[in-house]
Structure formats: C-alpha cells, structure tokens
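Structure, as structure tokens:
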Amino acid sequence: MKTYIALFRGINVGGNNTLPMKDLAAVLEGLGLQGVATYIQSGNVVFQGKAVDPALLSKKIAVAIGKSHGFEPWVRLLEMPMLEAVIRGNPYPEAEDAPGTLYVNFLARVPPQPDLDGLEKRRAASERFQLAGDVLYLHAPDGIGRSKLAAALEQLLGVPVTSRNWNTVRKLGEMARAA
C-alpha cells in the first residue's frame, strides 16, 4: 500500500461545490481506499491505496464525486515522496516562523511556457516566489488576499493550480508520515 495526499481545488469555497469531509471520506472509502483522514474543510486528504498512476486515480476520484455530488473537482494527487520533497525544498525556511505567509502552489503539471516576466511584474516588493517544476513557492508577507501575484498565478503559469499555506503542508506531512 502507498500513502497518497489528495488536494482538492475549489470545494467548500464561498458556498460552492459543497462537499462535507465525512461525505468525501465515504466516497474515497467506496473506491477501496483505506485509512482515509481529512484535514480542514477545504479538501485535504491522506489515504492509502494500491500503487497506481496518480493521474488515473485523481480522475477516478473526481468522477466518483461527480456521481455522488454533481460536480467533478480537480484533484492534485501526491505520493508521500513528492510531499516530502516539497517540504525539504522550501526555498524560504525563514518564512516558516510566519507560516500563514508562506504558500505552496501545486500545479497540474510543469508549465510548458510560464510567463515569468508577468509573474515578476505582479510581484509586490515584499513578495518572493520560486517555480520548481510543478510547484511554485510564494512568500507573501503582506497576506495572500492582497497579492496580485497570487491572483494571477494560474493565468500566468497556464496550468491549473491549488494552493496550501505552510501550516497545511506541514500538517499533511505529519499525517502522511503517521499513516
């Protein structure tokens, strides 16, 4: 059995795509996944399953949710070594003291033609970012809600993105290691 971390985009946000975590866990268990543990209402799940292609399992999960709840969320599925590499690869360790200002943006894939100039132009003077394959780290000391860079990530990268703050990334790592 492998440990997987599922990051759901756009569920339980602003009253849209409502999916209680209890229901989400039941859908995953119905797919034969085991040890399902959710973290906060925004769609973070750790579970175990047979070794399979993560892209295929992501699609299978989305389709199952579509059947049970009427919408198919985008799911970024990570294997434990990937999450560990993301945690170890944080280019801004000094920002961990204020984990609400440090975000990891998980991309659907490595962006084929990211607009790095556009990212730089939207970056506030206090912000820093680093694109590392299919992950973009963003340190936004003035808050993510005010960040023009954060608001434009998906458009400028050209791929779907789901973001998690450092507290959530760290907690998911703890959950996955304990699974």
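Annotations
- FRET efficiency, ALA152 to ARG177 (Cβ-Cβ, R0 41 Å, nearest 0.05): 0.75
- All lysines inside 19 Å of LYS59 as judged from Cα atoms, apart from same-chain residues fewer than 8 positions distant: LYS2, LYS50, LYS67
- Where only DSSP H runs of four or more residues are counted, the chain gives -11000 deg cm²/dmol as its mean residue ellipticity at 222 nm, each run worth -39500 (n - 2.57).
- Spin-label pair ALA51-GLN130: with each label point 7 Å from Cα along the Cα-Cβ axis, the two points sit 3.0 nm from one another.
- From least to most packed, judged by other beta carbons within 10 angstrom and beginning with the fewest, LYS148, LYS60 follow the order LYS148, LYS60.
- Dipole magnitude for the chain: computed about the Cα centre from +1 point charges on Lys and Arg Cβ and -1 point charges on Asp and Glu Cβ, it is near 320 debye.
- Note that the stretch 128-179 carries a Kirkwood radius of 12.4 Å, evaluated over its alpha carbons pair by pair.
- The convex hull built on the alpha-carbon positions of the stretch 2-82 has an orientation-averaged projected area of 4.7 nm².
- For LYS148, the lysines whose Cα comes closer than 28 Å to its Cα, not counting residues fewer than 8 places off in the same chain, are LYS121, LYS171.
- Amide H contacts of TRP74 (H built 1.01 Å from N, under 5 Å, at least 5 apart or other chain): ARG9
- Where a label projected 7 Å from the Cα of GLU72 along Cα→Cβ would reach, residues of the stretch 24-51 with amide N under 18 Å: 27-28, 31
- ³J(HN,Hα) computed for each position of the stretch 74-80 - Karplus, 6.51 cos²θ - 1.76 cosθ + 1.60, integer Hz, glycine/proline x: 7, 10, 9, 9, 10, 8, 3
- Cα-based convex hull, the stretch 90-178, per residue volume (Å³, whole number): 92
- Axis of helix 148-157 versus longest Cα principal axis of the chain: the two differ by about 70°, to the nearest ten degrees.
- HN-Hα J in Hz across the stretch 87-94 - Karplus 6.51, -1.76, 1.60, θ = phi - 60°, x for Gly and Pro: 5, 5, x, 4, x, 10, x, 5
- Among ILE65, ILE87, the ranking by other beta carbons within 10 Å of each residue's beta carbon, starting with the fewest, stands as ILE87, ILE65.
- Other-chain or far-sequence residues with amide H under 5 Å of THR18's (modelled H): ASN12
- The Cα-based radius of gyration of the chain, divided by its Kirkwood radius, gives an Rg/Rh of 0.96.
Each value in this text was obtained by applying a stated rule to the coordinates, not by laboratory testing. Keep in mind it's a predicted model, so treat the numbers as computed, not measured. Cβ sites come from the backbone with ideal geometry, for glycine too, and all protein chains shown count toward neighbours.
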